């Protein structure tokens, strides 16, 4: 019989309800035993989705429960550090929703604590298993474009109205799209290319009345490669999600991985035959030269699957696999965000420093 790890899920807003809960419930080996939540609306959803779980309003009911092996923190970013610190101090394996923390000092403290207590610590960078990113990764690894010289990724939305009562729109530390969306793009970049030599960033508040950053342009400079990461809440229409240029050709990709929309509709990956499969009309276009043959056409997107993150967590806990998304990766993302903020303030390029 497979070993079952009992889970305590802290937070059942969008992070817990959409991005973590449905994926965990689709993995053999995990059992959501308790859910911490205090808002009536979220409690209602938690009871409907996990009728066998106990809903608690006291954190100690999770942290002090000897039956809980793994704590997942799916709360607003400003709470990540304190909750993860409490979880690790109670000797629980711990997963933190992205972005890891607000500062690298906090990240390093959690990494140190996890090692002292010999407990797993990871950051939920689930978009490592986006269909489009997996396709881009495959193209780069196979050198289908020759020597890559430019990598650009856009993560845009059209949300001209500001929702003023949400923490993401507040002027507090960790709010805005810089922490929310750039953490995805930065992690994907360092996952592919490692740490950059220089960071240059422009961070904006573009919407009238905005109090938190809602747009950014970040350049990560490598010895022979420039990486451009962009986001705005005022893009009405489509820009390419990925643009890759090499000395043999190019790859341009529109559209996004379908898993987020599936999850928002309440669909579960273990009950869907087409989970993570992109429609052919958004497959990327390649124009390149391979072994002297000029090739123009579409590249079928890889199958996306957010379950792979938790499957790796499960196998790591069993000692069968190495952790794919380490806390050090999450910490490095935060460091680049810190340097991006400093670059924007100083209007200059900054060398990467730990």
Q: Just the Kirkwood number for segment 194-233, please: inverse of mean 1/r across all distinct Cα pairs, in Å, one decimal.
A: 11.2 Å
**Q.** Extension gain (nm, one decimal) between residue 48 and residue 150, 0.36 nm per residue minus Cα-Cα
**A.** 32.1 nm
Q. Using helices alone, what [θ] at 222 nm do you get for the chain, with -39,500 (n - 2.57) per DSSP H run of 4 or more residues, divided over all residues and rounded to the nearest 500?
A. -8500 deg cm²/dmol
Q) What is the spin-label model distance, in nm, from residue 59 to residue 39 if the labels are put 7 Å beyond Cα along the C-beta direction? A) 1.8 nm
Q. Is the shape of segment 174-322 best called rounded, prolate or oblate, per the rule: a/c under 1.5 gives rounded, else a/b larger than b/c gives prolate, else oblate, with a ≥ b ≥ c the square roots of the Cα gyration tensor eigenvalues?
A. rounded
Q. Pulled fully out, how much extra length does the chain show between residue 91 and residue 211, if you take 0.36 nm times their separation in residues and subtract their Cα-Cα distance?
A. 39.4 nm
Q) What residues of segment 69-85 lie in the reach of a label at residue 320, counting those whose backbone N is under 14 Å from a point 7 Å from the Cα along Cα→Cβ? A) none
Q: Report, in degrees rounded to the nearest 10, the 0 to 90 angle that the Cα long axis of helix 131-141 makes with the longest principal axis of the chain.
A: 50 degrees
Q. Can you put 159, 207, 236 in order, fewest other beta carbons within 10 Å first?
A. 236, 159, 207
Q | Label-to-label distance, nm, for residues given as residue 3 and residue 105 (7 Å Cα→Cβ offset) | A | 3.7 nm
Q: Give, in nm to one decimal, the length gained when the segment between residue 141 and residue 167 is fully stretched (0.36 nm per residue of separation minus the Cα-Cα distance).
A: 5.5 nm
Q | Calculated log₁₀ intensity ratio I(q)/I(0) where the Debye formula runs over C-alpha points of the chain, q = 0.10 Å⁻¹ | A | -0.63
Q | Simple spin-label estimate for residue 342 and residue 14 in nanometres, 7 Å along Cα-Cβ | A | 3.0 nm
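Every read-out reported here was derived from the displayed coordinates using simple, explicitly stated rules and does not represent laboratory data. For clarity, every value in this text was computed on a predicted model and none was experimentally measured. Counting neighbours? That spans all protein chains shown, and the Cβs are built from the backbone with ideal geometry, glycine included.
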